[in-house]
Amino acid sequence: MNGHNPETNGPSDWAERMRQGMPSSDRWAYLDHAAVAPLPTVAADAMRDWIDDLARNGATGWSHWRDRVEKLRRTAESLMGTDEQQIAVIRNTTEGVNLVAEGLDWHPGDNLVVPASEFPSNLYAWQQLADRDVEVRVLPVDFDHVSYDAIEAACDEHTRLVAISWIGFRTGFRIDPGRVAEIAHRHGAWLFVDAIQGLGAFPLDVEAMGIDALAADGHKWLLGPEGAGVFYIRPPLMNCLRPLGLGWNSVRHAGDFSNTDLDLKPHAGRYEGGTYNMAGIAGLEASLGWLDGMGFERIGPKILEITDHLCEKLSVIGARVSSNRTPEHSSGIVSFEMPGQSPRELVRACRERDVIINCRDGRLRASPHAYSTSDDIDRLLDVLA
C-alpha cells in the first residue's frame, strides 16, 4: 500500500511529549488538522500572556511584541529554507494569493494556469483577472490528481504564472513544487504555491525548489491560531509585484509618522501595511518554536506512519480510500468512503463519540497529526465499523 518506513521516525518519546502539550487530546480523538487544528498549550499561554499584558499595561510593551514578529519570521526562515528578508507576516493564505493576483503587472493577452481542484480561495482571485483581459486556464483534473504533463501542455509563451497547491485539500494529493517550477520557468512564468496543507508537516526548501511566491497561514499543520500566517516572495518577483494595502509599516522609516516619503522597505516587509494581529502572531510564534523544538524533520514521517496505519485499518472494514498513498504523493490527509453510508451522518456520529473528522465533496476526510495515536484511529474505527 505504501513505501513509508516507520523505523525512520526514531524514538517516539518526542511524540508523546507533543501529545502531552495538546490539551485537546484529553477528550478528543482530533483527526481534522486539515480544517482547523486545536492549539497547543504553549500557543494558548502565549496568546493569554499578550492579552493580559495589553490589559494591564496598554502598549508599553510594544517593542517586546514586535520582537515576536521577528522571531516568527526567523523560525519561518528555517522552516522554509530561505532568508527572513523574503518573508512577510500576513493574516491568511487568501491574503497571500491576492497579493500576487492583484499586485502582478498583468498585461492584456497574458494567461495563467491553475488546476480546477484548487481550494476556492486559490481560484477566485485568479478568475477575477478575466476582467483585465487575462486568460485563466483552469486545468481539468481527475479529482485531486494533478498531472505535470497537463500543466506543461497548458503553458505557452504568454503564460505569466502557474498557481497550485502543494497538497490538495480534498484527498491530500501532494505534488512536487520543484517539478512545477521547472515547467513554469521553462515558459518564462512565475510559480505561486498555496502551502497551507503541508507547511509544518513536510520538509520544504523554497529556494532549492524554485518557488517564486508561497502563502500559508498557521491554523492547520502549524498548530497556530487563525489570523496569522506567512508569505514568501523571491526577490526577482518582488521587483514587479506592486504592494497592496500600503500603510505606515510598509516603509523603511516605519514608526516615524512625521516622514511621509514613500520609501518602501527593500524586503518582504513592504507587504505588511498596517498593525499586526499580535495575539495571533504570539500564538503562531509559540507553536512554531515548540514544533521546531520537537524537530520538524520528525513530523512528516510520523504523520505518514499514522495515516498509513489508518489506511490499513480502513481497508479491513471495507472502506474505499481515495487518497494516493504512494510515497511521492501521500500526505497527512486521508479521503475515504464507507459504501452505503452518509458521510455527514458519520461525521455527526463521530462527533457524538468525541472523534473529529470532516467531509469534502461527498467523501470522509481524516487528517491526524504527529501526536495522534493508534488509539485515536481505533476510536474512529469503532464508530465507522
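Of all the numbered requirements in (1) assigned to a loop (DSSP other than H, G, I, E, B); (2) touching a helix residue (DSSP H, G or I) at 6+ places or on another chain (Cβ under 6 Å), residue 287 misses one, and that requirement is (1). Here residue 220 qualifies as on the phi < 0 side of the Ramachandran plot, basic (Lys, Arg) and crowded, with 24+ Cβ neighbours inside 10 Å.
One line per residue, one yes/no per condition, for (1) among the acidic types (Asp, Glu); (2) assigned by TED's automatic domain parsing to the domain that holds residue 99; (3) surrounded by fewer than 20 Cβ atoms within 10 Å (Cβ to Cβ); (4) touching a Phe, Trp or Tyr at 6+ places or on another chain (Cβ under 7 Å):
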position	(1), (2), (3), (4)
171	no, yes, no, yes
177	no, yes, no, yes
187	no, yes, yes, no
196	no, yes, no, no
204	no, yes, no, no
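With the structure loaded, tell me whether residue 77 is closer than 25 Å to residue 175 by Cβ, buried (at least 16 other Cβ atoms within 10 Å of the Cβ) and free of Cβ contacts under 8 Å to residues at least 12 places away in the same chain or whether it fails that test. For residue 77, the condition - closer than 25 Å to residue 175 by Cβ, buried (at least 16 other Cβ atoms within 10 Å of the Cβ) and free of Cβ contacts under 8 Å to residues at least 12 places away in the same chain - is met.
The number of residues in region 108-151 being small (Gly, Ala, Ser) and over 19 Å from the mean Cα position of the chain (by Cα) comes to 4. Of all residues in region 206-217, those being buried (at least 24 other Cβ atoms within 10 Å of the Cβ) and not aliphatic (A, V, I, L, M) number 2. Scanning region 255-277 for residues that are under 29 Å from the mean Cα position of the chain (by Cα) and part of a loop (DSSP other than H, G, I, E, B) yields 265, 266, 267, 272, 273, 274, 275, 276, 277.
The single residue among 288, 264 that is buried (at least 21 other Cβ atoms within 10 Å of the Cβ) and modelled with pLDDT of 95 or more turns out to be 288.
The values are calculated or read from the model by the stated rules, or taken from the named source; none is laboratory data. Remember, predicted model here, so these are calculated numbers, not experimental data. FYI the Cβ positions are ideal-geometry reconstructions off the backbone, even for glycines, and counts take in every protein chain you see.
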